[in-house]
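First the structure, in the form of structure tokens, and then the observations on it.
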Amino acid sequence: MKYLIKMELFGAPPGAPQETLRHLEQMVMPAHDELMRMEAEHKILSGGVLSGRRGIVMVVDADSHAAVTQLLAGLPLWGSHQVEVSPLESFQERLALLRQQADYLNQVVGRGV
């Protein structure tokens, strides 16, 4: 199953240069290393950093909601970012549903199938 994931830093970033350096070295850069590893393993199908903002968007392939939570909880940014996860339906799944709806509506309006 595919998921659209958006992560954005909440609150103010570290202020003092030493805090900023620690934040970069201990959280941001390791998170990007991990994201690139997951992309190379095709767990992340597509994604990138939001231009001009402190956030990440990605499409993830996972077997379950719990697998998505586990993947995200393994990122160093997990505790400092607001996370929004949206499960995605495939185009094929949606088209099948739309065809069912159209068939039903054709019957309702008396056009048959």
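Per-structure values
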| item | result |
| --- | --- |
| Test: Met27 is hydrophobic (A, V, I, L, M, F, W, C), closer than 22 Å to Ser64 by Cβ and assigned to a helix (DSSP H, G or I) | no |
| Qualifying positions in the range 97-113 - exposed (fewer than 10 other Cβ atoms within 10 Å of the Cβ) and either within 19 Å of Leu4 (Cβ to Cβ) or among the hydrophobic types (A, V, I, L, M, F, W, C) (or both) | Val108, Val109, Val113 |
| Which listed residue, of Glu39, Glu93, Glu19, Glu34, is surrounded by fewer than 11 Cβ atoms within 10 Å (Cβ to Cβ) and without any contact (Cβ under 8 Å) to a residue 60 or more places away in the chain | Glu93 |
| Residue match in the range 72-84 (condition: over 22 Å from Phe10 (Cα atoms), modelled with pLDDT of 95 or more and surrounded by 11 or more Cβ atoms within 10 Å (Cβ to Cβ)) | no |
| Residues (touching a residue at least 12 places away in the same chain (Cβ under 8 Å) and either part of a loop (DSSP other than H, G, I, E, B) or closer than 11 Å to Tyr3 by Cβ (or both)) located in the range 48-68 | Leu50, Arg53, Arg54, Met58, Val59, Val60, Asp61, Ala62, Asp63, Ser64, His65, Val68 |
| Set Glu93, Glu39, Glu34: member being touching a Pro at 6+ places or on another chain (Cβ under 9 Å), among the acidic types (Asp, Glu) and in a helix (DSSP H, G or I) | Glu34 |
| Matching residues in the range 22-31 - criterion: being over 23 Å from Glu84 (Cβ atoms) and in contact (Cβ under 8 Å) with a residue 24 or more places away in the chain | Gln26 |
| Enumeration of residues in the range 7-59 that are of a type in the set (D, E, K, R) and touching a helix residue (DSSP H, G or I) at 6+ places or on another chain (Cβ under 8 Å) | Lys43 |
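The values are calculated or read from the model by the stated rules, or taken from the named source; none is laboratory data. Just so we're clear, the structure is a prediction, and the values are computed from it rather than from any experiment. We place every Cβ from the backbone using ideal geometry, glycine too, and count neighbours over all the protein chains shown.
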